[in-house]
Amino acid sequence: MKNTKEISIGNMKIGGGNRIAIQSMTTTKPSDLEKSIAQINSLEKAGCDIVRITVPTIEDAKFIDKIKEKISIPLVADIHFDYKIALECIERGIDKIRINPGNIGDRERVKILANRANLCNIPIRIGVNSGSIDKEILQKFGAPNADAMVESALKEVAVLEGCDFTNIVLSLKASNVVTTVEAYRKIAKKVNYPLHIGVTEAGSEYSGLVKSSVGLGSLILDDIGDTIRVSLTAEPEKEIYAAKEILKACGKINGGINIVSCPTCGRCNYNLIETVKKVEELTKNIDKKLTVAVMGCVVNGPGEAKEADLGVAGGLTECILFKKGELARKIPFENLLDELMKEINGA
Ligand code: SF4
């Protein structure tokens with residue numbers, strides 16, 4: 001977003017016109033030290049900019065510094081209920097805290113936490129979820145709708161601001177896409193704190209991706225959102241690949257391989273569906289700005305390949321490789337992947 005406040009999370013800046021940062025969350029507890037480190041480093045390799053980890057106990061908080069020693073992306077602690085866990089995480093070098101001040105308890109505790117975070121320049125994300133809006137607000141609005149979420153967020157912001165704390169990131173997530181989009185659109189008009197956008201409990205890899213694409217895509221195209229989390233019931237690396245695809249589709253990422261492929265039809269003489277899946281898998285970590293067409297047949301393949309840097313299209317007995325719309329050479333079907341990857345890597 002152009003007009004949001006810039007916030008530093010470790011070595012990463014969000015808001016203030018910086019690029020939209022990609023986040024995910026580990027499926028481990030900090031006390032599973034080796035697993036946590038391995039997963040965070042794998043997420044970084046996939047393209048994750050900021051990673052969150054749940055810190056359910058004070059004992060878990062004692063592993064934060066050990067994790068930090070072995071990772072290089074900023075680490076965010078997800079804290080519920082106990083402000084002392086948040087304080088311990090700050091002492092051990094956490095880069096950001098995510099809380100819902102409403103469940104931290106009395107205001108005095110929130111104040112202690114805000115003062116400590118201020119002193120250490122640690123931002124706090126206020127994470128409002130439609131499922132955990134306080135009773136008073138819920139009664140006023142009658143349902144956990146967008147207005148209730150906005151009021152809840154503003155109430156929590158006022159609490160932190162009342163402690164002279166403004167190093168704030170906000171999120172207002174619902175599992176309902178329409179509610180989520182409405183809530184973010186409304187809050188974006190009221191505050192200039194950076195927004196962490198996401199649809200919560202979005203579901204499986206397939207339905208979660210659809211919900212997140214519609215919700216986050218709508219917001220990003222409205223220029224709302226400073227950091228993005230795609231929530232999927234799948235391996236966390238998949239959240240990163242999904243986030244990258246959403247950002248690419250919204251024109252926010254220029255790098256990476258853009259694969260175009262046709263829906264196939266009776267003219268296709270090879271297994272295009274499997275081939276495209278394999279090309280996607282083989283190219284997901286390649287950070288080159290290339291458009292690659294993988295087309296079913298030569299009828300439309302060459303036309304599409306005109307727009308692409310590279311392209312393959314199936315013929316009757318073999319494939320045809322195109323470069324910038326020009327026929328480069330013919331390839332037997334069985335060598336298609338090897339030859340295509342050679343071209344991509346050499347481009
Ligand atoms: Fe069918 Fe060829 Fe078009 Fe693919 S490119 S949909 S195979 S006509």
Residue pairs within 6 Å by beta carbon, gap of at least six or interchain, first lying in segment 294-308 and farther than 10 Å from Cys319 by Cα, second near the ligand (Cβ under 8 Å from one of its atoms) and assigned to a loop (DSSP other than H, G, I, E, B), listed first then second, are Val299/Arg267
Taking segment 240-267 and keeping only residues that are surrounded by fewer than 20 Cβ atoms within 10 Å (Cβ to Cβ), more than 16 Å from the ligand (Cβ to nearest atom) and among the hydrophobic types (A, V, I, L, M, F, W, C), one is left with Ala249, Cys250
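Okay, residues lined up against (1) of a type in the set (Gly, Ala, Ser); (2) under 24 Å from Ile7 (Cα atoms); (3) assigned to a loop (DSSP other than H, G, I, E, B):
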| site | (1), (2), (3) |
| --- | --- |
| Thr179 | no, no, no |
| Lys186 | no, yes, no |
| Lys190 | no, yes, yes |
| Tyr193 | no, yes, yes |
| Gly217 | yes, yes, no |
| Glu239 | no, yes, no |
| Ala242 | yes, no, no |
| Asn254 | no, yes, yes |
Residue hits (segment 271-317; surrounded by fewer than 15 Cβ atoms within 10 Å (Cβ to Cβ), more than 14 Å from the ligand (Cβ to nearest atom), over 19 Å from Lys248 (Cβ atoms) and of a type outside the set (Asp, Glu)) are Thr317
If we ask which residues in segment 280-339 are touching a Phe, Trp or Tyr at 6+ places or on another chain (Cβ under 7 Å), assigned to a helix (DSSP H, G or I) and modelled with pLDDT of 90 or more, their number turns out to be 1
Residue pairs within 6 Å by beta carbon, gap of at least six or interchain, first lying in segment 142-162 and free of Cβ contacts under 8 Å to residues at least 40 places away in the same chain, second outside any helix (DSSP H, G or I) and not hydroxyl-bearing (Ser, Thr, Tyr), listed first then second, are Pro144/Ile133; Ala148/Ile133; Met149/Val128; Met149/Leu172; Ala153/Val128; Ala153/Leu170; Ala153/Leu172
Out of (1) in contact with a Gly (Cβ under 8 Å, 6 or more places away or on another chain); (2) modelled with pLDDT of 95 or more; (3) hydrophobic (A, V, I, L, M, F, W, C), the one Cys265 does not meet is (2)
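Matching residues to (1) within 25 Å of Tyr184 (Cβ to Cβ); (2) not β-branched (Val, Ile, Thr):
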residue: Leu43; (1), (2): yes, yes
residue: Ile58; (1), (2): no, no
residue: Ala61; (1), (2): no, yes
residue: Tyr83; (1), (2): no, yes
residue: Gly105; (1), (2): no, yes
residue: Arg109; (1), (2): no, yes
residue: Ile112; (1), (2): no, no
residue: Gly131; (1), (2): yes, yes
residue: Lys135; (1), (2): yes, yes
Would it be correct to say that Asn41 is surrounded by fewer than 22 Cβ atoms within 10 Å (Cβ to Cβ) and in contact (Cβ under 8 Å) with a residue 40 or more places away in the chain?
no
Requested in this report: Examine segment 321-331 for a residue that is within 30 Å of Ile240 (Cα to Cα), of a type in the set (A, V, I, L, M) and more than 16 Å from the ligand (Cβ to nearest atom), and state whether such a residue exists.
Outcome: no
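The values are calculated or read from the model by the stated rules, or taken from the named source; none is laboratory data. Please read all numbers here as calculations on a predicted model, not as lab measurements. Here the Cβ is made from the backbone with ideal geometry for all residues, glycine too, and neighbour counts use every protein chain on show.
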